[in-house]
Amino acid sequence: NISSYLGLTQKLGKAAERIKFTRFAPERECGVVRGYLEKVGESGVCRICGQRAADPESTADVKVFPDHKEGQHEPVCAACHDHIFLGKYGVKQPVLFVTTPDQLNGSHRAHLSIPIFGSYQVYFGKTLEQSHEVTREMEHPSTLRAWDISSPWRPDQSNGYLLASRLISGYVPRYDQDSTVTGENDEHHEAGDPVTLSDICREASGVSEEDGKRYGLEALGVLKADVDDLGFHMECGIAPEDYSIGRVATLSRFINNFFALYLPDLLNSDPRFNKIYTVFGGGDDLFLIGPWPAVIDLGEHLYQSFSEYVCANDKLHFSAGITLHHDKTPIEQLAREAEHALEQAKEHKGKNALSLFASVVSWDEVSKLRREGKRLLDYLESEVISHGYLYSLNNYLLMAEEEARLLSDHKEGIPLKNLRSLRWRALLAYSSARNVDAQALDDADISTLIADITRQIEDYRGAFRIPLWETLYKIRRS
Ligand SMILES: [Zn+2]
């Protein structure tokens, strides 16, 4: 019955909203953790979260500790153990088994320390060579589910069994061959191991043909994105007479497929993007880490391909936040800052925006601004303008931003004592006339260039940072 289904989803939507907008109440949601101090006294605090008591039964090979030795296992808390367990095997093994917690099919394989809801145990299995074991375990009465989580775009990794596929492992860049990096950590990587964040960071820079030195800022780019107002579209986007379980499920699955199937395949097959990790990709949102220039390119590419995917439906689009970080920044901090950038993008009028370098612009503007960035780079490479000149544009940008702020705060006119920021056009013209190489361009072209840059700063104000900083970071020498 369609009408009761629609009524039910509306009721559920309202109930979810009520919870979302209810103030968090510690007296209702929290409580005393009994025996906490005793447990900490017995086994110490977990070194990963620093909050829960370490569990003597849960150990992990934690490479992030500075005093870590190869193969050394440390006691951690059960929750941290399970996060490491899921992260490690989820990208390495092709089959995920869900069983009852009491029965691990008699084996001693790695499993969760805390079964999910106390009722479901999880472990991973099996390469192709061990496939007879998969059959045996699938037939075992305690096996509740077995899913193929290998990458469907990589048939070479297939486990050879017809299991239901779950697109949860995303794409992870891996080393092609064994390699030993000597240096700070003397790390050894086997072929197939996930690429470390410091090596991903290094991919952001290049080597100069002239002097063999590295150039370009070595930083991670973190992208968080989601589809704007998807919940609203799911509830109201389908006409009441067409509203059915089938249509809602199809819409939901197709959106999920873009992030969980198309995106990992793109990362795997397009050499521009194959050093980008999916930390999470599915449902309607996305959390990626990669070399920062590739992440910005990917953001723009995804916006365009998503728009094609939804047949240019102008109600469906997404917003993203991109932040740049040092490779030693804790993942939690990366996530928090990128999430904050995403929230700023969502505040943009009409959403459908990108937040980058503390500026928020619509995707249409992103393409225009990045074309300007390429032009600045061309001028720089043909030595029409200098590095110093590009850096100096930052000052005019700040003044132009200040001018815009004053104009909106003082509708009757900017007070005399605040006129300083209005000088940016004159200063820019003066600096340009002195710094643009008159041998490389004739007078008319210099005037056009100055007029162009002035107009860009006038139109975009602070957002001109996007092409400017992208160019400056790309050419930066360490
Ligand atoms: Zn912990």
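The values are calculated or read from the model by the stated rules, or taken from the named source; none is laboratory data. Because the structure is predicted, anything quoted here is derived from the model rather than measured. Please note: Cβ atoms are built from the backbone with ideal geometry, for glycine as well, and neighbour counts cover all protein chains shown. In case anyone asks, the SASA skips ligands and DNA or RNA and just uses the protein heavy atoms, side chains included. Shrake-Rupley method; radii C 1.70, N 1.55, O 1.52, S 1.80 Å.
Structure notes:
- Cα-centred dipole magnitude for the chain, charges only on beta-carbon of K, R (+1) and D, E (-1), debye, nearest 20: 1300
- Cleavage-rule hits (trypsin sites (Lys or Arg not before Pro)) in segment 194-295: DSSP loop, at most 14 neighbouring Cβ within 10 angstrom: Lys213, Arg272
- Overall, the anisotropy analysis places segment 286-385 in the oblate class: the square-rooted eigenvalues a ≥ b ≥ c of its C-alpha gyration tensor yield a/c not less than 1.5, with a/b not exceeding b/c.
- In the structure shown, the pairs Lys275/Lys315; Lys328/Lys351; Lys92/Lys275 are assessed against 24 Å; a Cα-Cα span above that value is assigned to Lys275/Lys315; Lys328/Lys351.
- Of the trypsin sites (Lys or Arg not before Pro) found in segment 372-478, those in coil by DSSP whose Cβ has at most 16 other Cβ atoms within 10 Å are Lys411, Arg476.
- Total charge dipole magnitude, segment 275-355, about the Cα centre, Cβ charges on Lys, Arg, Asp, Glu only, Debye to nearest 20: 60
- The lysines whose alpha-carbon is closer than 17 Å to the alpha-carbon of Lys213, local same-chain residues fewer than 8 away aside, are Lys474.
- Helix 465-475 vs. the chain, principal-axis angle (Cα, 0 to 90°, nearest 10): 80
- Backbone geometry of segment 440-456 corresponds, through the Karplus equation with coefficients 6.51, -1.76 and 1.60 at θ = phi - 60°, to 3J(HN,Hα) couplings of 7, 10, 8, 4, 5, 5, 5, 4, 5, 4, 5, 4, 4, 5, 4, 5, 4 Hz, x marking Gly and Pro.
- On Cα atoms only, tilt of 245-257 relative to the major axis of the chain in degrees: 60
- Highest to lowest packing among 13-21, 41-49, scored as the average C-beta count within 10 Å: 41-49, 13-21
- A cut-off of 5 Å between modelled amide H atoms, ignoring neighbours fewer than 5 places along the same chain, links Val95 with Gly125, Lys126, Ile149.
- Think of a 1.4 Å ball rolled over the protein heavy atoms: segment 214-356 then has 45 Å² of accessible area per residue.
- Normalised contact order of the chain, rounded percent, pairs of Cα under 8 Å and 6 or more residues apart: 11
- Positive-end extreme of charge dipole, the chain - chosen from Ser113, Gly237, His387 (charges on Cβ): Gly237
- Surface composition of the chain: carbon plus sulfur atoms hold 53% of the accessible area, using a 1.4 angstrom probe and ignoring ligands, DNA and RNA.
- Calculated SAXS-style log₁₀ I(q)/I(0) at q = 0.06, 0.09 Å⁻¹ - the chain, Debye, Cα scatterers: -0.38, -0.82
- Tilt relative to the chain, helix 387-409 - C-alpha long axis, 0 to 90 degrees, to 10: 90
- Cα gyration tensor shape for segment 372-475, rounded if a/c is under 1.5, else prolate or oblate: prolate
- Secondary-structure-derived ellipticity at 222 nm for the chain, considering helices only, amounts to -13500 deg cm²/dmol, per-run term -39500 (n - 2.57) for DSSP H runs with n ≥ 4.
- Integer Hz, Karplus 6.51/-1.76/1.60 couplings in order for segment 281-294, x for Gly and Pro: x, x, x, 10, 9, 8, 9, 10, 10, x, x, 4, x, 5
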